[in-house]
């Protein structure tokens with residue numbers, strides 16, 4: 001039993017020194033939130049696409065990208081809809 005206790009104490013000492021030697025990297029909050037958003041979008045795409053047929057995956061990816069661009073303010077939905085409808089021949093709407 002004394003051997004186990006000695007190993008446990010040695011392990012704790014090594015862990016304590018290892019934790020002290022870790023250099024904490026300061027991560028920008030904006031970059032961290034961007035990484036979380038990117039991972040969430042990728043995870044959402046992968047998990048939803050599991051249940052879609054191949055012909056529907058491209059449409060889902062397109063709609064996901066448009067919503068993200070709309071949320072970021074990178075796309076004007078009025079102009080997008082006008083250009084989207086003009087592609088199908090609806091010029092005067």
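The values are calculated or read from the model by the stated rules, or taken from the named source; none is laboratory data. Being a predicted model, the structure only gives us computed values, none of them experimental. Positions of Cβ are backbone-derived with ideal geometry, glycine not excepted, and every protein chain shown enters the neighbour counts.
For the range 49-60, give me each residue that is under 22 Å from residue 84 (Cβ atoms) and surrounded by 10 or more Cβ atoms within 10 Å (Cβ to Cβ). Outline the logic, then answer.
Step one: list which residues in the range 49-60 are under 22 Å from residue 84 (Cβ atoms), which gives 52, 55-60.
52, 56, 57, 58, 59, 60, listed by residue number.
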Given the conditions (1) at pLDDT 85 or above; (2) surrounded by 12 or more Cβ atoms within 10 Å (Cβ to Cβ), which single one is not true for residue 63?
(2)
Near pairs, Cβ below 9 angstrom, 6+ apart or cross-chain, from the range 77-89 (touching a residue at least 60 places away in the same chain (Cβ under 8 Å) and assigned by TED's automatic domain parsing to the domain that holds residue 67) to any residue that is outside any helix (DSSP H, G or I) and surrounded by fewer than 10 Cβ atoms within 10 Å (Cβ to Cβ):
none
If I ask for residues that are in a loop (DSSP other than H, G, I, E, B) and surrounded by 13 or more Cβ atoms within 10 Å (Cβ to Cβ), which ones from the range 66-93 would you list?
75
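Condition check ((1) under 17 Å from residue 37 (Cβ atoms); (2) touching a helix residue (DSSP H, G or I) at 6+ places or on another chain (Cβ under 7 Å)) across all residues:
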| residue | (1), (2) |
| --- | --- |
| 50 | no, no |
| 54 | no, no |
| 60 | no, yes |
| 65 | yes, no |
| 70 | yes, yes |
| 75 | yes, yes |
| 85 | no, no |
| 89 | no, no |
